[in-house]
Structures are given as C-alpha cells and as structure tokens.
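Enquirer: Have a look at the structure that comes next, please.
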Amino acid sequence: MIKTINSLKKTINSFSPKNKEDLEVFRIKYLGKKGVLNDLFLEFKNLPNEEKKTIGAVINDLKKAIQQKVVDYSDRFNEVVIDSTVDFSKPVRLNNLGSRHPISIVKNQIVEIFNNVGFNVSDGPEIEDDWHNFSALNLPEEHPARDMQDTFFIQTNPDVLLRTHTSSVQVRYMENNKPPIRTLSPGRVYRNESISARAHCIFHQVEGLYVDENVSFIDLKETLLYFAKEMFGKKSKIRLRPSYFPFTEPSAEVDIYWGLNNEDDYRITKGTGWLEILGCGMVDPNVLTNCGIDPKKYSGYAFGMGIERIAMLKYNITDLRMFYENDIRFLKQFSSI
Ligand code: DAH
C-alpha cells in the first residue's frame, strides 16, 4: 500500500492543471465521494492494527497535499485582474442613504399618536365632487363660507374639483361605516393660492373624526391636549378659541403655547406667545344626517390640521416652499429622524 501511496504522491506533485476545469476533474478524481482517497481509506480499514498508525499518517499527508494543490490553483485561477487605472488608496465614498421627507415623518408621528388611542387610518380621493368636499359638510351652493377655501375646479364640470381639505374623507367614511367611528385621514389638499413662504397651492392635512353615543366637547379637548403633549412635549399647553366652521357646532381653533423667550418667538406668535395649530368642533347634526347617521343617537367631534404647519413648528422651518423644492441640503437634515 505504501508503494501505491508514494506513486500517487509523485503524480500529484507533478500535476499542474491548465484551467479551472482541469482542476475540477482532478479534485473529483482524488477527493470525490468515489475518489482515489476514499478507496485508500476503505483499504486502510482492513489493515492489521500495527500497520494502521504509520499508513494512516501517510494517507493523511497525501490528503493534505491534494487539498493544498486544489487551494493553490483555485486561488490562481480566481485571481482578480487589477486594473492599473484604479486608485485603490482613495478613501471610500459611502453610499448616499435616502431619508424620509419631513412631511412623511410628521404625518407618521401624528398617525402613531392617534393610533395609540384607537384611531384607524382612512383615505379618500384627491379629485372630489361637490357633495363630499362642500355640500355634505353643510356648505350648500352659494354658501358664503365656500369662499374661505379657494378651489380648483375643472372648468367644464364644476362638480369635479381638487379637494380643498381632508374633511371630505369624513363624509366618505361616515357614509360607509357605522358608529363607533374613530378615524384619522391624512392626505394632500389643493387651494388656488399664490405661493409664498406661508401659503402654497398644495399642502397636507390630517382630519380626525370621532362619532359615538355621548361624545362631548370635553372628549375633544382632552384628546387634543393629549396630542399636543405627545407631539410637542409633556409641558405643552393648549387653548381653545371660539371660531366658525360650517361643519361643526360649536367650533374652535386650537392654539399651542409657544412661549416668548426671544425675538423670534415674539415675531412668530405676534407677541402673544400662542400659535394656532388646528381647527375643530362638534360635528354639526346636519353633517351627521347628510351622511346617514342619526344625530339624536350619536354625536361626534372632528378636527383638522395642516401637516406643514406642525412640521414647521417642530423643526423651526420658516419657509413653506422648502417642503416642495426637493433641495437635497434641506432634506438631508432629516436623515437621522
Ligand atoms: N377643514 C378645515 C380647513 O381646511 C379644518 C377643520 C376645521 C377640519 C374644523 C375640521 C374641523 O374637522 O372640525 O380649514
């Protein structure tokens, strides 16, 4: 047996494959399941014990030599051809990771805050009809409050318009679901406004709607206070000012206390320390009726807020246009949030 092994050793040492395929044939011939080495081990099993020690060591050496040959040549055949025009000493340039848009970040935060107290998320179309955007919300044709929101109409068909607020989703949701209703509708809205640091023709709102038996104004106030604390910090204070919206009665505007610590605070709060963040109220019984809900049995509250406004307050952004310009230097600042 020693003789066979020695002659195998010679063959292996002198073997030099020309390419990968040659090497693979060699590997299978010697190391394969039915290969030469396997046969040797089978033979080895039947040897008398006193021979096993020496022969075992020799077979192992042979095995190592074969394996080494395979490794050496596969390295050689897989060698990377180095392109001499590439400078490998250059520092690595990291891939640019994208980031969420600040509007999406704030929208997700608002959704999460209300999710935690049982609100689901709903949506509706951006191209709306008069009924869902106006009439069902207690804004019949010729109602003067329609002028509060400058609307983009399709010229040939005044029944088709771009929704001016996400309150339209309230209507759709109530038409299709029975109370109890707790839903939040974020989305894009459109108004025919000239573009400035404080106004844009496209922006985003979140609408909230809660309808059940015995819903009261105090539920609304507590929910909004909870929201302000989650969004702006535990010390946040809010105040409600009486206001008017056709779809709620009574209606209110909600301010958050911003503080008066420096000149900027005086400027943005017009010297009051308070900043308006949303509109709200108890859903007008007419709206409930329009949507097929009995106002004698159910009551509800609704609120609507601008996402840009919340984002501007939260991140100290002074110009609304920044959100739509896609300036990478602006967007990059939100990559860690
Ligand atoms: N839709 C109003 C707007 O766009 C915001 C609003 C106010 C929504 C009061 C409401 C509400 O649900 O109750 O200005």
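The values are calculated or read from the model by the stated rules, or taken from the named source; none is laboratory data. The structure presented is a predicted model; accordingly, all values stated were derived computationally and were not measured. Don't worry about glycine lacking a Cβ; one is built from the backbone with ideal geometry, like all the others, and counts go over all protein chains shown. The area values use the complete protein model at the heavy-atom level, side chains included, leaving out ligands, DNA and RNA. Shrake-Rupley method; radii C 1.70, N 1.55, O 1.52, S 1.80 Å.
Enquirer: Starting from region 140-154, keep only residues that are assigned to a loop (DSSP other than H, G, I, E, B), then list their pairs with residues that are of a type in the set (S, T, N, Q) and surrounded by 14 or more Cβ atoms within 10 Å (Cβ to Cβ) whose Cβ atoms are within a distance under 8 Å, requiring at least 6 positions of separation or different chains.
Expert: Glu141/Ser135; Gln149/Thr164; Asp150/Thr164; Thr151/Asn133; Thr151/Thr164
Enquirer: I'd like the full set of residues that are within 16 Å of the ligand (Cβ to nearest atom), open to solvent by less than 60 Å² (accessible area, probe 1.4 Å) and without any contact (Cβ under 8 Å) to a residue 60 or more places away in the chain, limited to region 190-227.
Expert: Arg191, Cys201
Enquirer: Still on this model: Looking at region 163-189, which of its residues are within 11 Å of the ligand (Cβ to nearest atom), of a type in the set (Ser, Thr, Tyr) and not in a strand (DSSP E or B)?
Expert: Listed by number, the residues that qualify are Thr164, Thr166, Ser167, Ser168.
Enquirer: Mind listing just one residue for me: the one in region 229-279 that is under 30 Å from the mean Cα position of the chain (by Cα) and open to solvent by 60 Å² or more (accessible area, probe 1.4 Å) and, of those, nearest to Gln170 (Cα to Cα)?
Expert: Only one residue tops the list, namely Glu276.
Enquirer: Name the single residue that is nearest to the ligand (Cβ to nearest atom) among those in region 260-290 being within 16 Å of Gly208 (Cβ to Cβ) and not in a helix (DSSP H, G or I).
Expert: Among them, the one singled out is Gly279.
Each row is one residue, and each column tells you yes or no for (1) part of a helix (DSSP H, G or I); (2) among the hydrophobic types (A, V, I, L, M, F, W, C).
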position	(1), (2)
Thr11	yes, no
Leu47	no, yes
Glu51	yes, no
Ala57	yes, yes
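Enquirer: What number of residues within region 124-160 are of a type in the set (A, V, I, L, M) and away from the ligand (no atom under 14 Å from the Cβ)?
Expert: 3
Enquirer: Filter region 245-268 for residues that are free of Cβ contacts under 8 Å to residues at least 12 places away in the same chain and in contact with a strand residue (DSSP E or B) (Cβ under 9 Å, 6 or more places away or on another chain) and give the result.
Expert: If the condition is that a residue be free of Cβ contacts under 8 Å to residues at least 12 places away in the same chain and in contact with a strand residue (DSSP E or B) (Cβ under 9 Å, 6 or more places away or on another chain), then Ile268 is the only one that fits.
Enquirer: Kindly provide the set of residues from region 291-307 that are within 16 Å of the ligand (Cβ to nearest atom) and out of contact with any Asp or Glu (no Cβ under 8 Å at 6 or more places or on another chain), ordered by number.
Expert: Ile293, Pro295, Met305, Gly306, Ile307
Enquirer: Here's another thing I want to ask about it. Suppose we keep only residues that are out of contact with any helix residue (DSSP H, G or I) (no Cβ under 7 Å at 6 or more places or on another chain) and in a loop (DSSP other than H, G, I, E, B) within region 118-139. Which one would you say is farthest from Thr166 (Cα to Cα)?
Expert: Gly118
Enquirer: Can you tell me which residues in region 233-259 are part of a strand (DSSP E or B) and more than 11 Å from the ligand (Cβ to nearest atom)?
Expert: Ile238, Arg239, Leu240, Arg241, Pro242, Asp255, Ile256, Tyr257
Matching residues to (1) of a type in the set (Ser, Thr, Tyr); (2) free of Cβ contacts under 8 Å to residues at least 12 places away in the same chain; (3) open to solvent by 20 Å² or more (accessible area, probe 1.4 Å):
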residue: Gly292; (1), (2), (3): no, no, yes
residue: Tyr298; (1), (2), (3): yes, no, yes
residue: Tyr315; (1), (2), (3): yes, no, yes
residue: Thr318; (1), (2), (3): yes, no, yes
residue: Phe323; (1), (2), (3): no, no, no
residue: Ser335; (1), (2), (3): yes, no, yes
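Enquirer: Are any residues in region 145-173 over 14 Å from Asn120 (Cβ atoms), aliphatic (A, V, I, L, M) and open to solvent by less than 30 Å² (accessible area, probe 1.4 Å), and if so, which ones?
Expert: Ala145, Leu161, Val171
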